[in-house]
Each structure stands twice: as structure tokens, then as C-alpha cells.
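What follows is calculated from the coordinates using simple rules that are stated; it is not laboratory data. Quantities reported herein were computed from a predicted structural model and do not represent experimental measurements. Here the Cβ is made from the backbone with ideal geometry for all residues, glycine too, and neighbour counts use every protein chain on show.
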Amino acid sequence: MKKIFLDKGHGGNDPGAVANGLQEKVLTHKIVEYATDYLAAHYEGFTQRVSREGDQSLTLDQRADMANKWGADVFVSVHINAGKGTGFETYVYNGGVSSQTVALQNVLHGEILAAMRQFGNITDRGKKRANYAVLRETKMPAVLTENLFIDSNDAKYLKNEAFIKAVGEAHARGVAKFLGLPQKAKPQSQQKSTDGKLYRVQVGSFSDRKNAERLAEELKKKGYPTIIV
Ligand SMILES: [Zn+2]
């Protein structure tokens, strides 16, 4: 069981960067929520935690401690940039990192940038290194993402819920790829036969098997192939 720790940058009395009617802490919360939803819906073989469920204040050390004490296999800290620039960048610790950390940065950077570019011409600011506390203090592969600038024209993307959702889901896919998580089997209703479309219809679910058998008999009489699962 792999352990995924997702850090929502800022929170509580620290809103992070604020501009254009946007708050960094709100955007990081949304991106991580979209990521956790996507992971839960599409993959198995993992558990996940977030640094804050709601709008709590946390120090940088607390975030790293939570991940370390839990024994996370991967740590991703989500942020929005400020300083009137444009584009997307990712960070790992600048004080010597494992090849695993570099691999995590590569896969996340690629997934997220590709997702962003579905929406427009997003600048790639590159894969960077810095002495950030959450990267320095965490013991597992750790990456920090800076998802566009809140105080520039980038804000038009950050105001688009579909963009925020796509960025969150790209974080999820990157982490899943890095960990090699198996994908959940698709439900039968989504399967297709090789020679065309095949639609399966479920007609009922019962806690009592006799009731299921009664309905199955009725359907068989009417000529429908029937199975009880
Ligand atoms: Zn930040």
C-alpha cells in the first residue's frame, strides 16, 4: 500500500499570494481536492492524506513532520506563484536529491504542463531546485509545484474551474505514474465488445437472494439473458 501525501500550500491566517480576486490558499485546496478525488476514482493500491482538510494554519515544519511520521512514499506541495511572471515551474530540494525525487519531478512536470497546455500557450519555466523547507525536511521524494502566477494575465486560467480541475487531475496522474499504481478495472457498463458497442443494463439489487432469483426468472421468461452477480 503506497502512501501519498498532498500538501495544500498556505491556509488559515496565511492566504499565500492574493491578487485578481484570488487567494493562493483557496486554489491549492481546490487543486489537491481534485487530485485526491481523481486518485480515488481511478487507482488502487494506495492511501492518501492531505496536510489540511479545511482552512487550517500550518507551519512548514508541521507539514513535513506529518508526512515523515506517517511514512509517506511521496510528497507533493501545491502552490501558486506571484511576482507578475508567467508560466509553470516545479522544484526539488537543491541540497542533493535522490534519483527517485528527480523522477517524480520529471513525471509531474510533464503531466501538469501537458494538461495546462490544453487551455492555452503556457510557458514552461523549467524544473528547478531550491532550499524550500518542505522539500528539505521531508524524507521521501518531494516536489513543489508552482501553478502559474496569481498576479499576472495567468489569473484568467486560475479563474477557470475546468483548468483548476485539469491541473489537480494531472497531479494525480503524475503521482500514480511515479508509484506505478494499478488502474481500477473499468465497470462493465463502460466495456465494449470488439465488434461494436455492448451495453449492459443492471435491473436490480437485492439483499435477499430469493428476490434476485424471482426477478431473474421473470426476465428469463421474457427472453433476456440473465445473470445474478
Ligand atoms: Zn505558495
### Message
When the expected Rg is taken as 2.2 N^0.38 Å, what fraction or multiple of it is the alpha-carbon Rg of the chain?
### Response
1.27
### Message
With θ taken as phi - 60° and the coefficients 6.51, -1.76 and 1.60, list the Karplus ³J(HN,Hα) couplings across the stretch 33-45 in order, rounded to whole Hz; mark glycine and proline as x.
### Response
4, 5, 5, 5, 4, 5, 4, 4, 7, 10, 10, 9, x
### Query
Tell me, what HN-Hα J-couplings in whole Hz come from the Karplus equation 6.51 cos²θ - 1.76 cosθ + 1.60 at θ = phi - 60° for each residue of the stretch 121-134, using x for Gly and Pro?
7, 8, 6, 8, 7, x, 8, 10, 10, 7, 8, 8, 4, 5
### Query
In deg cm²/dmol and to the nearest 500, what is the mean residue ellipticity at 222 nm of the chain if only DSSP H runs of at least 4 residues count, each as -39500 (n - 2.57), divided by the residue total?
-12000 deg cm²/dmol
### Task
Loop sites only, by DSSP: take the chymotrypsin sites (Phe, Trp or Tyr not before Pro) in the chain that have at most 13 other C-beta atoms within 10 Å and name the longest stretch containing none of them.
1-198
